[in-house]
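Right, one structure below, let's go through it.
The values are calculated or read from the model by the stated rules, or taken from the named source; none is laboratory data. Just so we're clear, the structure is a prediction, and the values are computed from it rather than from any experiment. No Cβ is skipped: glycine too gets one built from the backbone with ideal geometry, and neighbour counts run over all protein chains shown. We work out accessible area using only protein heavy atoms, side chains counted, and drop any ligands, DNA or RNA first. Shrake-Rupley method; radii C 1.70, N 1.55, O 1.52, S 1.80 Å.
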Amino acid sequence: KQEVTQIPAALSVPEGENLVLNCSFTDSAIYNLQWFRQDPGKGLTSLLLIQSSQREQTSGRLNASLDKSSGRSTLYIAASQPGDSATYLCAVRSGNTGKLIFGQGTTLQVKP
Amino acid sequence: ETGVTQSPTHLIKTRGQQVTLRCSSQSGHNTVSWYQQALGQGPQFIFQYYREEENGRGNFPPRFSGLQFPNYSSELNVNALELDDSALYLCASSLGHLNTEAFFGQGTRLTVV
């Protein structure tokens, strides 16, 4: 059974700091891994998609890596800003149906 | 190109009632999946529709049902509402259901009293 874990559950950093969010999964048989951002009470915004054959993806100040063999992904945020404050969720697409299995999320607060 | 839209955005229902939530998929997407997100938790998979057929279901009771229409929009129906059904319900659409990117709507906040 695929399980996804995100550490830490919460993180508070000063503005301008570079930071890393972690995601681990138990079964390496995945189609892809997706990172999302969620603002309080809102839906999910897709940040980055990494296919199982890829090692990393970049978008602006965000960089996500994938090590399928070890069941790990990291989301690197450079030069954090207060507007980055949100909950970040990772999800793997796996199984016969390709359903998304989510971690619990990391809630990030960036202080001005 | 329009994104994924859900309606209504908020809903309050009484225990025992029935509710229908709606989702319009992103243009060109043929797969819709539904998720339940309790406060402080990650979303949990309810079920998925691919080309109008249910092709996957999570660990939810039969009172959670749905369908997908020929235009690929979808409905989630919940009968005999319970207090624990209070949650944010999220709809996602994608082109295909295996190695594609999922796009989510803004969610429907359901409160059962």
Exercise for the section: Could you bin all the Cα-Cα distances of chain B into 10 Å bins starting at 0 and give me the percent of pairs in each, rounded to whole numbers? Expected result: 16, 51, 29, 5
Fill in the blank from the handout: Of the residues A:Leu108, A:Tyr76, A:Ser65, the Cα lying farthest along the dipole of the range A:50-112 towards its positive end, which is defined by charges on the beta carbon of Lys, Arg, Asp and Glu, belongs to A:Ser65
Fill in the blank from the handout: Carbon and sulfur atoms account, in whole percent of the 1.4 Å probe accessible area of the protein assembly as shown, for 48 percent
Exercise for the section: Sort out for me the Cα centre separation of the range B:30-63 from the range A:84-108, rounded to whole Å. Expected result: 14 Å
Fill in the blank from the handout: Ignoring ligands and nucleic acids, B:Phe45 exposes an accessible area, probe 1.4 Å, in Å² to the nearest 10, of 20 Å²
Exercise for the section: Give the calculated FRET efficiency between B:Thr9 and A:Arg72 to the nearest 0.05, with a Förster radius of 41 Å applied to their Cβ-Cβ distance. Expected result: 0.70
Practice task
With only Lys, Arg, Asp and Glu charged, each at its Cβ (+1 for the first two, -1 for the last two), find how big the charge dipole of chain A is about the Cα centre; round to the nearest 20 debye.
Solution key: 260 debye
Problem - Potential extension, A:Glu3-A:Leu19 segment - 0.36 nm per residue separation minus Cα distance - result: 3.4 nm
Fill in the blank from the handout: Chains A and B: accessible area buried, summed over both chains, 1.4 Å probe, nearest 100 Å², reads 1700 Å²
Exercise for the section: Would you kindly state how much longer the chain becomes between B:Glu53 and B:Glu101 on full extension, computed as 0.36 nm times their sequence separation minus their alpha carbon distance, in nm to one decimal? Expected result: 15.3 nm
Exercise for the section: With a 1.4 Å probe and every protein chain left in place, work out the accessible area per residue of chain A in Å², rounded to a whole number. Expected result: 47 Å²
Problem - Accessible-area ranking of A:Ile7, A:Ile30, A:Ile101, largest first, probe 1.4 Å - result: A:Ile7, A:Ile101, A:Ile30
